[in-house]
1. Anything in the range 71-128 that is touching a strand residue (DSSP E or B) at 6+ places or on another chain (Cβ under 7 Å), over 22 Å from Ile14 (Cα atoms) and either not assigned by TED's automatic domain parsing to the domain that holds Asn28 or not acidic (Asp, Glu) (or both)? List them, or say none.
2. Answer with yes or no whether Thr143 is part of a loop (DSSP other than H, G, I, E, B) and in contact with a Pro (Cβ under 6 Å, 6 or more places away or on another chain).
3. Quick check: is even one residue across the range 86-104 closer than 23 Å to Lys4 by Cβ, of a type in the set (A, V, I, L, M, F, W, C) and in a strand (DSSP E or B)?
4. Of these, Phe253, Phe203, which one is on the phi > 0 side of the Ramachandran plot and either touching a residue at least 60 places away in the same chain (Cβ under 8 Å) or assigned to a helix (DSSP H, G or I) (or both)?
5. Could you list all residues from the range 147-196 that are more than 16 Å from the chain's Cα centre (by Cα) and in a loop (DSSP other than H, G, I, E, B)?
6. Among the numbered conditions (1) over 20 Å from Glu167 (Cβ atoms); (2) part of a helix (DSSP H, G or I), tell me where His33 comes up short.
7. Criterion first (among the small types (Gly, Ala, Ser) and either touching a Leu at 6+ places or on another chain (Cβ under 8 Å) or more than 20 Å from Arg189 (Cβ to Cβ) (or both)) does Gly240 satisfy it?
Amino acid sequence: MKNKYKTMIYPFDIESVPLIRHNNLINNYYITHAISPNGWGLVGKDAGDADNGQPIGIIIDDDFDKALANCDAVFFNAPSKKVDLDKVIYPKIIKAAENSKHIICTMEIENRMINEISRICHENNKSFEYFTDEFDKVISPLTEEIYQIDTPIIFVVGLAERTNKFEIQLNLRKHLKEMGYKVAQVGTRHYCEQMGFYSFPKFMYSKSFTESEKVTLFNHYIKNISIMENPDVIIIGIPGGTTPFSYKLTNRFGILAYEISRAVIPDVAVLSIPYGDIPLDFFETTSKSNKYKFGYSIDCYNIGNSCLNLQGSTTESLQYITMDYNFVNEKKTTYSSSNIPIYNILDTDDAKKMCKFLINKLQEYGDIKKF
């Protein structure tokens, strides 16, 4: 920790909670300040309150200048709320750069801004790390041939967005590494390199490739990772959801999840679902349905602490209701007779249990060695 830069994260909201909760996974930066704009309803609360999870121990503040004076770096992370880039964000990035702070930015900014920030940071001998959604330079595959992946693979999938998938990915990484496994990982956010693993490849969102080419490219991508890193296990987080909510709220029809399932078949998979009144037979039925649709069964479930507000949502703006993580624990008790394990990743004990369960499954299948 002594070699890491004391870091402020801004503008802090629910999107930034995993970064603080799993701060130990971030290279070079130790988050000491969570600064949120006034009016977002977070000031004075524990950072864990932003996603209604367990307390973290950092109290959210709104004093950007005070935090700036007491940190070495500023992490400008893209929030879930809309914020004026020109009036609110960019001036603060410039201020931080002019005050000789290291800058990390996951928010999409204009080239003129990038050039100016880079110039100031260079003059002050400080770093500027910018994580963008721009597409990688990838060429079309010569054939549609795909390769068998010999490394054990764990899928982290969501029935929908906002089901704590990133929390699952980070917890699995943390606990598997603590158990002594060499982990390779592809995550669902575009700044995963900051946490020591691969971001989901941008060619999967590109219109330059056909859907069948994306399947082949992703298979080759994972095959290359397995060869280069020779890991004990590969964790793959799949963005988006697996099924539409309604005719209007399509969840992108689960197309990305289908394409990934054609490229790589997992050895074990966890499906995260929204909070709600779900019948007991849902878990068995969904696992079987997933097998027919995607080619693999669900080994365990996670219940997220958010649910989509269908009446308040539009195709342009999805609205969510977030519950305290203890409500998920209460909900779990109603499914105690389920044959498929059900977890709450926001509960630290459950996070360990999920990881141990998945590893035991892999060992049972003989896919991964024991330590």
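1. Selection gives Ala96, Ala97, Lys101, His102, Ile114, Ile117, Ser118, Cys121, Lys126, Ser127, Phe128.
2. In short, no.
3. For the range 86-104, residues closer than 23 Å to Lys4 by Cβ, of a type in the set (A, V, I, L, M, F, W, C) and in a strand (DSSP E or B): present.
4. Going through Phe253, Phe203 in turn, just one is on the phi > 0 side of the Ramachandran plot and either touching a residue at least 60 places away in the same chain (Cβ under 8 Å) or assigned to a helix (DSSP H, G or I) (or both): Phe253.
5. Hits for the range 147-196 are Tyr147, Gln148, Ile149, Asp150, Thr151, Pro152, Met179, Gly180, Tyr181, Lys182.
6. (2)
7. yes
The values are calculated or read from the model by the stated rules, or taken from the named source; none is laboratory data. Just so it is clear, the structure is predicted and the values come from calculations on it, not from any experiment. Here Cβ is always computed from backbone atoms with ideal geometry, including for glycine, and neighbour counts include all displayed protein chains.
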